[in-house]
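Asker: Provided herewith is a single structure, encoded as structure tokens, for subsequent inquiry.
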4 protein chains.
Amino acid sequence: MIIILKRNASPSKVEELKKNLVNRGFKLHLSEGTEASLIGLIGDTSSMHEDWLRALDVVEDVRRIREPYKKANRSMHPEDTVIDVCGRKIGGGNFQVIAGPCSIETEEQITEVAEDVKASGAHLLRGGAFKPRTSPYAFQGLHEQGLDLLLKAKKATGLPVVTEIMSTEHLPLFEDVDVIQVGARNMQNFELLKELGRLDKPILLKRGLANTLDELLMSAEYIMAGGNEKVILCERGIRTFETSTRNTLDISAVPMLKQKTHLPVIIDPSHAAGIRFMVEPLSMAAIAAGADGLMIEVHNNPEKALCDGAQSLTPQMFDTLMKKINKTTEFFRELNA
Amino acid sequence: MIIILKRNASPSKVEELKKNLVNRGFKLHLSEGTEASLIGLIGDTSSMHEDWLRALDVVEDVRRIREPYKKANRSMHPEDTVIDVCGRKIGGGNFQVIAGPCSIETEEQITEVAEDVKASGAHLLRGGAFKPRTSPYAFQGLHEQGLDLLLKAKKATGLPVVTEIMSTEHLPLFEDVDVIQVGARNMQNFELLKELGRLDKPILLKRGLANTLDELLMSAEYIMAGGNEKVILCERGIRTFETSTRNTLDISAVPMLKQKTHLPVIIDPSHAAGIRFMVEPLSMAAIAAGADGLMIEVHNNPEKALCDGAQSLTPQMFDTLMKKINKTTEFFRELNA
Amino acid sequence: MIIILKRNASPSKVEELKKNLVNRGFKLHLSEGTEASLIGLIGDTSSMHEDWLRALDVVEDVRRIREPYKKANRSMHPEDTVIDVCGRKIGGGNFQVIAGPCSIETEEQITEVAEDVKASGAHLLRGGAFKPRTSPYAFQGLHEQGLDLLLKAKKATGLPVVTEIMSTEHLPLFEDVDVIQVGARNMQNFELLKELGRLDKPILLKRGLANTLDELLMSAEYIMAGGNEKVILCERGIRTFETSTRNTLDISAVPMLKQKTHLPVIIDPSHAAGIRFMVEPLSMAAIAAGADGLMIEVHNNPEKALCDGAQSLTPQMFDTLMKKINKTTEFFRELNA
Amino acid sequence: MIIILKRNASPSKVEELKKNLVNRGFKLHLSEGTEASLIGLIGDTSSMHEDWLRALDVVEDVRRIREPYKKANRSMHPEDTVIDVCGRKIGGGNFQVIAGPCSIETEEQITEVAEDVKASGAHLLRGGAFKPRTSPYAFQGLHEQGLDLLLKAKKATGLPVVTEIMSTEHLPLFEDVDVIQVGARNMQNFELLKELGRLDKPILLKRGLANTLDELLMSAEYIMAGGNEKVILCERGIRTFETSTRNTLDISAVPMLKQKTHLPVIIDPSHAAGIRFMVEPLSMAAIAAGADGLMIEVHNNPEKALCDGAQSLTPQMFDTLMKKINKTTEFFRELNA
């Protein structure tokens, strides 16, 4: 961490700052330039806040040299993390497809979709029981009853299940869920992240609509700092000025996250585009860019889906897509071997 | 709501859609153009989701004519809402200043700041006990103990208090808090909003970093739909590509929200800029644009503040600012009389 | 185009508007709803400006049903446009790689890179003689002399050349250039676009950093309206809040543009990421998403490049990448056959 | 400038880099930390490009300590620059209002508006002869004829005139224009900026829709580096995800630019919001935030304006607004005295 001092900083106050920093255990490296006078901090700065420094009268600005996340940082853990979900491995060269409806609507619906996606080769089943909806007048999910139906579909098909949590109060209901999803709108619901850090269960953490990759990793760090290191990161589109697509899929996030962290990274092409015909090209792009998995919305009757029908594939479309996904992951595995 | 049909839509499927819409209680208005064929829906479309329509094979796109929020909509409630906080009125021409530290640190700190801001003329006291921090290694607030200290400061000064909630589980602790704040990161924590909708207590709802004004109003609608119509909206800066300022204060939000809704709108200039010297000009701009209040961070020792020191004013700076605020609100009251 | 009338619109002024619209040759379709009264315009609205309508006292808002571009619109021209550059075809299933240095520096440099990229299988040579640089103190390119060197490299290798124009005044210098590039910062330099519309030469039009896809197509329309329909669109990253990457590659732009227009779409992964190690994964993603080509920076000595060295590949890296590009385009050609 | 070396950087290559830097005239300041090894450059780095350094194998990242603009930098020129336009001073406490139509349409129109805005107290007349329009099918301005009409209106009223240039080729036509405007879309049309740097005439430089404040200042630096230091900066709204307003007025730009530079800063509230009713509150906010002037669209018949009618005020509205502007600038002059 580099501290840039103001040009007219009072020497006595600068001395005071230096003493304070030494007392906090840092070694200091001083530099007097024509442009500026600098203080370099040598030591672990991850718990040092730029903000405290910026508040000081003598400080003009602060530049961080290292990222403030530790457990999520690849430099601390060079090997890829592989997460095992009931025998399905994600990360470290293992690719998985999570498929299912946006929301769980009826027993028939979720079981039928589960059987269909399993037959096509999906490895995990998704389905929402608690749905974050912009409008209070929209369908909010079946809640507890939805979770029951999801677990029935799990029993019927053997597919591990992924579903979203929206409040710490619902945690007891998620005991038999295999992967708990944190949605984009809750990526910085820190109280929720802390609770999930106490579990021994994989967490699928979606990037917020306007959150940087470093913030995503800091949210992963909240979970990991609590002791739960099974975090799967998910890019699902960010918010930009473009209005033709619902969100903008940040495909660069895949190689950049792979460099910054050892955690697996998956892509949700369904939410990224919001339009059915774009799910396939974005899925292909995700594989090509090096993602460890995909999360795809499939509904047995998209025209009657209670949410997000416009982006859901039919089981037939998904079956065709899965064949392409399998060939494409195989192709890139060989290409990069 | 206008439904745009695909050019090659199957006539029988279009007929099916029309019947379905009539069964839902809408009158239809059909239009055949050279550009497109359209169906206009006549009736209350606030619970009708574009998404369901967009999923249909025959539908190209959907255009909403009216906003989907009702209780927050000025067209349903032309008069300004005035919210009374222990006798301090906000909205409808009543301007209030909320001041205090980012986080509550010690009894001396919060009481001293409270007495100082009261002496300068602030009308409400702010102070955080639960702090949303990007890093798990940062100070997270004093929690229950912090709320106790805040209530002591309230008792000592008579100032009503505003403080942030981060989880529904903490609600019982907020019984004696006068205004509950929902932070930007929780603007779409819908489970929390629903719980706050059951209270009879003013809610200060901050706009999320990447949320549109319509989404802010839909979040207000969540609270209002539950029966609690005492919502104060707060603009605190949005996230853009600009890096010189921490956030970009969306000053246009003030006149635009005033047109869309009857709820009071306040500005938080401290978080918007993140830098002390910008608090004054942004405060002046907020008053000039028609805001109903300001929320300003004041710390008796910003250089030792445990968070957000760089943007906190000293009590002396705040005192000078309050004099300008009072003159400026007075000036604009006369100018616009 | 749908005109939404204000609730309290004066009937006589509405009558006046209707007459005006009929005189402009539109058929009108009226709709009285509980939400709003609407006027639908039937006829060609591409030269009708929403802005004129929005200025009217009786108009609340305007919703466009069809995009305002015509020549670039796929609905007017369902077949893919194939652009022939000295025998190299782009679009309609023909994939091309454009490679070369950011800027032309010396005869040895450009000729050496040209020979290297040709040997690796690139189809066109790029190299900048006029360089748009943020700083006036940065290297601005060799200008006329640079174009001479580029044409020498063309002669030596037989590769057609692509280079950027920055002002209409330089047009005479571009006579022997095969493809003229319009950079992101000039995407809405309309005077330049008009001049390029008078040529019979392919134009490579880069998307601006904050321009929507519809604006990109309107800029293409400027060129096409002048008579030059040989426009190649290029996505090169957009500006967002993310700071880890220089820009955010909008990969969704590929399938979305393919639906909106018949023009070829290529990707510039070098500028999109700004970092060397991301060029390969983004190239792979571009092919997977359906792009018609790639534009890649290659420098024989990136550590001494006068601009954009951080994102330039060495000829050896490019050679390895070209092998992967060839295999990958072949793979997807078969997959999608 | 601080160079962060890679952890595994080869010592011999680091030595090579150090020699190179010393040869370029820098003194070096070395720092070995647990986090990273750093090289600090002491000397004038404004012509040193981060990009060249980032391309090096041993370099992980580069942090700039000082801004790369010099002539526009307040630290080099602490006093406010005051620009004199035919006796009207802008900057350094001098506030000016520029008013007039978006485009010049007829002699009657421009002369009538000019007389009206003069009577209301405007100090300069604006009017566009070259209009940058998204669509090639939209009215593009009267060009040479428009400039003639503008100069007639200048003669009739004595008001100095401001009008936009779109191409260096048109420069000879602008000889009698008092202030030449560079529009947002041309902020990084560097060839145009260089030409304007050779003039002895004030330039009104508008911020691009997605340009940072530092980029705006680098564009000003292009003009100033050529010798023309009469640059007026103009904030006119930036592009964000918000869709309720046409652009987002970045009001923080005013105090932030005032700190970074000595150049005058004005606001264009008409383009920022795109809607008539927001012009007044945004004008008031601009004055309150410390702007040196306003640029406001006025049309004698907004309902028939050939462009931007929705945001134009009538002369009557402008007259009312000017009275408020005068009172408000007077109020803040006293408040801040």
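Asker: Quick one: what Rg and Dmax do you get for the range D:108-242 from the alpha carbons, in Å?
Answerer: In Å, with Rg to one decimal and Dmax whole: 15.2, 44.
Asker: Scattering from the C-alpha atoms of the range B:1-50 alone, worked out with Debye: what is log10 I(q)/I(0) at q = 0.14, 0.18, 0.21 1/Å?
Answerer: Values returned for q = 0.14, 0.18, 0.21 Å⁻¹ are -0.34, -0.56, -0.75.
Asker: Counting only heavy atoms of protein chains, what accessible area per residue, in Å², does chain A have with a probe of 1.4 Å? Walk me through the numbers on the way to the answer.
Answerer: On the way: 11420 Å² over 337 residues.
Accessible surface, normalised per residue, equals 34 Å².
Asker: Please work out the FRET efficiency for the pair C:Q316 and C:Q259, using the Cβ-Cβ distance as r and a Förster radius of 41 Å; give the result to the nearest 0.05. It would help to have the intermediate numbers written out before the result.
Answerer: Values: r = 38 Å, r/R0 = 0.93.
In this case the efficiency is close to 0.60.
Asker: Would you calculate the convex hull of the Cα atoms in the range B:69-122 and tell me its volume per residue in Å³?
Answerer: Details: hull volume 6.2 nm³, N = 54.
Hull volume normalised by residue count: 114 Å³.
Asker: Which longest uninterrupted range of chain C lacks any trypsin sites (Lys or Arg not before Pro) assigned by DSSP to a loop state (not H, G, I, E or B) and surrounded by at most 14 other Cβ atoms within 10 Å? Please report the intermediate quantities before stating the final value.
Answerer: On the way: sites that count: C:R7, C:R24, C:R198.
Here the longest run is C:25-197.
Asker: Treating the range D:253-323 as a set of equal point scatterers at the Cα positions, no solvent, please give the Debye-formula log₁₀ I(q)/I(0) at q = 0.14, 0.16, 0.19, 0.24 Å⁻¹.
Answerer: Once normalised to I(0) and log-transformed, intensities are -0.45, -0.56, -0.73, -1.00.
Asker: Compute the helix-to-body angle for D:144-157: its Cα long axis versus the longest principal axis of chain D, expressed 0 to 90° and rounded to tens.
Answerer: Orientation of helix D:144-157: about 70 degrees from the principal axis.
Asker: How far is helix C:107-120 tilted, in degrees, relative to the longest principal axis of the Cα atoms in chain C, given as a value from 0 to 90 rounded to the nearest 10?
Answerer: The answer is roughly 80 degrees.
Asker: Could you report the accessible area of B:E215 in Å², rounded to 10, computed with a 1.4 Å probe on the protein chains as they sit in the structure?
Answerer: 20 Å²
Asker: Mind pulling the per residue volume of the convex hull built on the Cα atoms of the range C:24-100? Å³ is fine.
Answerer: 196 Å³
Asker: Does anything in the range C:196-212 have its amide N under 15 Å from the 7 Å Cα→Cβ label point of B:D61, and if so which residues?
Answerer: Within reach of a label on B:D61, which here means backbone N under 15 Å from a point 7 Å along Cα→Cβ, the range C:196-212 contributes C:212.
Asker: May I pose another question? Under 5 Å between amide hydrogens, which residues at least 5 positions from B:I232 or on another chain qualify, with H placed 1.01 Å from N in the peptide plane?
Answerer: Sorted by chain and number, the residues that satisfy this are B:I203, B:L204, B:L205.
Asker: Per residue, how big is the convex hull around the C-alpha atoms of the protein assembly as shown? Give it to me in cubic angstrom, could you?
Answerer: Details: hull volume 219.5 nm³, N = 1348.
Normalising the Cα hull of the protein assembly as shown by residue number yields 163 Å³.
Asker: Assuming 0.692 mPa s and 37 °C, estimate D for the range D:225-271 with Stokes-Einstein, Rh taken as the Kirkwood radius over Cα pairs, in µm²/s.
Answerer: Answer from the Stokes-Einstein relation: 273 µm²/s.
Asker: Under the Kirkwood approximation applied to all pairs of distinct alpha-carbon atoms, what is the hydrodynamic radius of the range D:191-240 in Å? Can you show the working numbers first?
Answerer: Values: mean 1/r = 0.0914 Å⁻¹.
The Cα-based Kirkwood calculation yields 10.9 Å.
Asker: Count charges around A:T168 for me, please; just the other residues with Cβ under 11 Å from its Cβ, Lys/Arg as +1, Asp/Glu as -1. Mind dumping the intermediate values first?
Answerer: Values: positive: A:K194, A:R198; negative: A:E169, A:E191, A:E195, B:E169, B:E191.
Once positives and negatives cancel, what remains is -3.
Asker: Here is a follow-up. With n ≥ 4 as the cut-off for DSSP H runs, can you work out [θ] at 222 nm for chain A, using -39500 (n - 2.57) per run divided by the number of residues, rounded to the nearest 500?
Answerer: Per the formula, -10000 deg cm²/dmol.
Asker: Based on the Cβ-Cβ distance of B:N8 and A:L171, what FRET efficiency does E = 1/(1 + (r/R0)^6) give at R0 = 60 Å, to the nearest 0.05? Display every interim value, and only then the final one.
Answerer: Details: r = 49 Å, r/R0 = 0.82.
Between B:N8 and A:L171 the formula returns 0.75.
Asker: Once the Cα atoms of helix D:11-23 and of chain D are each reduced to a long axis, what angle between those two axes, in degrees from 0 to 90 to the nearest 10, is obtained?
Answerer: Between the helix axis and the principal axis of chain D, the angle is about 50 degrees.
Asker: Return the sequence-ordered ³J(HN,Hα) values of the range C:42-59 in whole Hz as given by the Karplus equation 6.51 cos²θ - 1.76 cosθ + 1.60 applied to θ = phi - 60°, using x for Gly and Pro.
Answerer: 10, x, 7, 9, 5, 9, 8, 9, 3, 4, 4, 5, 5, 6, 6, 4, 8, 9
Asker: Okay, next question. Would you mind checking which residues have amide H under 5 Å from A:I296's amide H? H placed 1.01 Å from N; only 5 or more apart, or other chain.
Answerer: A:I98, A:A99, A:G100
Asker: Rounded to the nearest 100 Å², what is the buried accessible area between D and B, both sides summed, probe 1.4 Å? Display every interim value, and only then the final one.
Answerer: Details: alone 16290 and 16280 Å², together 29410 Å².
Heavy-atom accessible area buried at this interface is about 3200 Å².
Asker: At a cut-off of 10 Å², which residues of the range D:208-241 become less accessible once all protein chains are present than in their chain alone, using a 1.4 Å probe?
Answerer: D:A210, D:T212, D:L213, D:E215, D:M218, D:E221, D:Y222, D:A225, D:I238, D:R239, D:T240, D:F241
Asker: If you average 1/r over every pair of different alpha-carbon atoms in the range A:208-295 and take one over that average, what Kirkwood value in Å do you get? Could you put the intermediate results ahead of the total?
Answerer: Values: mean 1/r = 0.0750 Å⁻¹.
Mean inverse Cα-Cα distance, inverted, gives 13.3 Å.
Asker: Further question: With every protein chain left in place and a probe of 1.4 Å, what is the accessible surface of C:D51, to the nearest 10 Å²?
Answerer: 30 Å²
Asker: Moving on. If you split all Cα-Cα distances of chain B into 20 Å bins from zero, what percentages do you get per bin, shortest first?
Answerer: Result returned by the calculation: 29, 49, 18, 3.
Asker: To continue, here is another question. Return the equivalent ellipsoid semi-axes of the range D:90-147 as a descending list in whole Å, where each equals the square root of 5 times an eigenvalue of the C-alpha gyration tensor. Present the calculation step by step, with values, prior to reporting the outcome.
Answerer: Numbers: eigenvalues 123, 45, 13 Å².
Output for the range D:90-147: semi-axes of 25, 15, 8 Å.
Asker: Using a 1.4 angstrom probe with every protein chain in place, what is the largest-first accessible-area order of C:L306, B:L173? Mind showing how you got there, number by number?
Answerer: Numbers: C:L306 80, B:L173 55 Å².
Sorted by accessible area, descending: C:L306, B:L173.
Asker: Longer than 28 Å from Cα to Cα, which of B:K131/B:K201; A:K6/A:K260; A:K70/A:K152; B:K19/B:K71 are they? Say none if no pair is.
Answerer: Details: B:K131/B:K201 21 Å; A:K6/A:K260 32 Å; A:K70/A:K152 39 Å; B:K19/B:K71 30 Å.
Beyond 28 Å: A:K6/A:K260; A:K70/A:K152; B:K19/B:K71.
Asker: Accessible area of the range C:183-256 with a 1.4 Å probe: how many percent of it is carbon plus sulfur?
Answerer: Values: 600 of 1510 Å².
Using a 1.4 Å probe with all protein chains present, the range C:183-256 comes out at 40 percent carbon and sulfur.
Asker: Would you please state which residues of the range C:290-311 a label at C:A119 would reach in this model, taking the label point 7 Å out along Cα→Cβ and a backbone N cut-off of under 19 Å?
Answerer: Once the point is set 7 Å along Cα→Cβ of C:A119, C:297-303 turn out to lie under 19 Å by backbone N, inside the range C:290-311.
Asker: Please give the Cα centre distance for the range C:210-234 versus the range C:295-333, rounded to the nearest Å.
Answerer: 27 Å
Asker: If you take all C-alpha pairs in the range D:63-163, what percent of them are over 23 Å apart?
Answerer: The proportion of pairs with Cα distances above 23 Å equals 44 percent.
Asker: Based only on Cα atoms, what mean projected area does the convex hull of the range B:1-146 have, in nm²?
Answerer: Values: hull surface 62.8 nm².
So the Cα hull casts an average projection of 15.7 nm².
Asker: Going 7 Å from the Cα of B:R333 toward and past its Cβ, which residues in the range B:59-96 have a backbone nitrogen under 11 Å from where you end up?
Answerer: Within reach of a label on B:R333, which here means backbone N under 11 Å from a point 7 Å along Cα→Cβ, the range B:59-96 contributes B:93-96.
Asker: Dividing the alpha-carbon Rg of the range C:162-268 by 2.2 N^0.38 Å yields what?
Answerer: On the way: Rg = 13.5 Å, N = 107, 2.2 N^0.38 = 13.0 Å.
Computed over Cα atoms of the range C:162-268, the ratio equals 1.04.
The values are calculated or read from the model by the stated rules, or taken from the named source; none is laboratory data. Computed from a prediction, not measured in an experiment: that's the story for all the values here. No Cβ is skipped: glycine too gets one built from the backbone with ideal geometry, and neighbour counts run over all protein chains shown. SASA here: full protein model, heavy atoms, side chains in, ligands and nucleic acids out. Shrake-Rupley method; radii C 1.70, N 1.55, O 1.52, S 1.80 Å.
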